Amino acid sequence: MHIKYNLKPASERRTEQFKPETNVGFGRLRTDHMFLMDYRDGQWADPRIVPYGPFEIAPGAMSLHYGQSIFEGAKAFMHEDGEIYTFRLDQNAKRLNRSAEIVCIPELPEDVVEEGIKALIDVERLWFPMQEGACLYIRPFVFATEDRLSVSPSQEYTFCVMLSPSGAYYSNGFDSAIRLLITERFHRAVTGGTGASKAAGNYAASLRAGKAAAEYGAAQVLYLDSTNTQIEEVGAMNHFHVLKDGTIIIPKFTDTILKSITSQSILDLGEQLGCEVRQETVMLDKFIADIESGEIIEAGGLGTAAVVSPVGSYIFEDHRVVTVGNGDVGEHTRRIYQVLTDIQKGKRQGPEGWIKRVERVAP
Ligand code: PLP
Ligand code: COI
């Protein structure tokens, strides 16, 4: 599909006021343009890059009422050659379609999704921030636009990609470990539900749990399965722990856990990380007992936004605190972070096809 460009004149772009060396935070800034594509009459059509701005949407648009909406999160990095490279974007395009299938959104053409994102990044390359750990955060999303009130799949959709020059997701960055709340009160997903998708509603459903976590001084909830016996994941990242022999364990992907591209990357990298990485069903009781006995020495979260987020302790609703190791960022967690971010930044060779250069083709 041919991408059309309707770009702002250079004099109207906000890059003039953007100071790339300032601390940009996570997800706050927007660039000048966005990528759009519409689904009508049974097909995706009209891929285009246009100025970033509000949508015109019918009050009866089905995404507003029934939440038929999905999203992705990916990142692009600047390498030492001054060029911008995407990281495993094909995997995001694939997972977008997995999410689409789960909430009955028509399949998107993955090549157009990827090409559209790269074309948008090309247009916005002056927005690349310079701070440590910086990236262009890529947020593709799809929402139902048909103006109809019956609960059924919409016949019309918009696919949009926006970019946000960003730094670390957790404001303390990598250097301080976070605390997670373990609770039986809230669940993120159930078998047969939408947990394996990035459906917008999953995140709306996590807000109440996030509030409870904050009341306990925790950054987020570590979700359990609906029987409260197994560890699943965190609201915006997968979970991992490290055994004292260095083995990294990630809970098995099920239909109640989002298949994280970061987790998959750590699994794929096993050898380069110099340790065994495997997936298991992680039982809560054993997990806690193993932390207390010193069998588990480190833990953390894995995600695009979160990268590798060290977890220093867990708190239960009775305020009991379980500290992992000495509660600080451990050497294994540091190594995982270093290897992953070195590959993303082009300082270390990653597996074939993970990193793709954004070509300079914009008019
Ligand atoms: N789990 C959930 C619920 C998420 O929202 C995310 C973020 O995308 C992840 C895990 C991590 O997935 P990824 O590494 O693909 O970003
Ligand atoms: C990401 O890691 O890209 C995500 O989508 C998580 C988001 C909820 C911040």
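The values are calculated or read from the model by the stated rules, or taken from the named source; none is laboratory data. Because the structure is a prediction, the values reported are computed rather than measured. Here the Cβ positions follow ideal geometry from the backbone for every residue, glycine too, while neighbour counts run over all protein chains shown. Keep in mind that these areas ignore ligands, DNA and RNA; they rest on the heavy atoms of the full protein, side chains included. Shrake-Rupley method; radii C 1.70, N 1.55, O 1.52, S 1.80 Å.
Report in % the part of the accessible area of the range 178-344 that belongs to carbon and sulfur, leaving out ligands and nucleic acids; probe 1.4 Å.
About 48 percent, which is the carbon plus sulfur part of the accessible surface.
Counting helices only, and only those DSSP H runs with n ≥ 4, report the 222 nm mean residue ellipticity of the chain as the sum of -39,500 (n - 2.57) divided by its residues, in deg cm²/dmol to the nearest 500.
Rounded to the nearest 500, the figure is -7000 deg cm²/dmol.
Limiting things to C-alpha atoms, what are the Rg and the maximum Cα-Cα separation (Dmax) for the range 120-211, in angstroms?
According to the Cα coordinates of the range 120-211, Rg and Dmax are 18.0, 49 Å.
Round to a whole angstrom and tell me the spacing of the C-alpha centers of the range 80-103 and the range 171-203.
21 Å
Would you mind getting the accessible area per residue of the chain, heavy atoms of the protein chains only, 1.4 Å probe, in Å²?
Spelled out: the 1.4 Å probe surface of the chain, per residue, equals 45 Å².
If a/c stays under 1.5 just call it rounded; otherwise compare a/b with b/c (prolate if a/b is bigger, oblate if not). Do that for the range 142-279, with a ≥ b ≥ c from the square roots of the Cα gyration tensor eigenvalues.
Prolate.
If each residue of separation counts as 0.36 nm, what is the full-extension length gain between E276 and T191 once their alpha-carbon separation is subtracted?
Additional length available on full extension: 27.7 nm.
Net charge near R357, counting Lys/Arg +1 and Asp/Glu -1 over other residues with Cβ under 15 Å of its Cβ?
Here the count lands on -2.
So for the range 4-168, Kirkwood radius off the Cα pairs, Stokes-Einstein at 10 °C and 1.306 mPa s: how many µm² s⁻¹?
The Stokes-Einstein estimate is 96 µm²/s.
Give, as a single signed number, the net charge of other residues whose beta carbon lies under 12 Å from the beta carbon of A177, with Lys and Arg counted +1 and Asp and Glu -1.
Net of charged neighbours comes to -1.
Could you compute Rg(Cα) / (2.2 N^0.38 Å) for the range 270-344, with N its residue count?
Expressed relative to 2.2 N^0.38 Å, the Cα Rg reads 1.19.
Given that compact globular proteins tend to follow 2.2 N^0.38 Å, what is the ratio of the alpha-carbon Rg of the range 227-363 to that value?
For the range 227-363, the normalised Cα radius of gyration comes out at 1.14.
How much of the accessible area of the range 4-168, in percent, comes from carbon and sulfur atoms when a 1.4 Å probe is used?
Taking all protein chains in place, the range 4-168 shows 51 percent carbon and sulfur surface.
Mind checking the range 136-191 for trypsin sites (Lys or Arg not before Pro) that DSSP puts in a loop (not H, G, I, E or B) and that have at most 14 other Cβ atoms within 10 Å?
R185
Would you pull out the residues with amide H under 5 Å of Q230's amide H, same chain only if 5 or more places away, H placed 1.01 Å from N?
D225, L284
On average, how much area does the Cα convex hull of the chain cover when viewed from any direction, in nm²?
Quarter of the Cα hull surface area: 18.4 nm².
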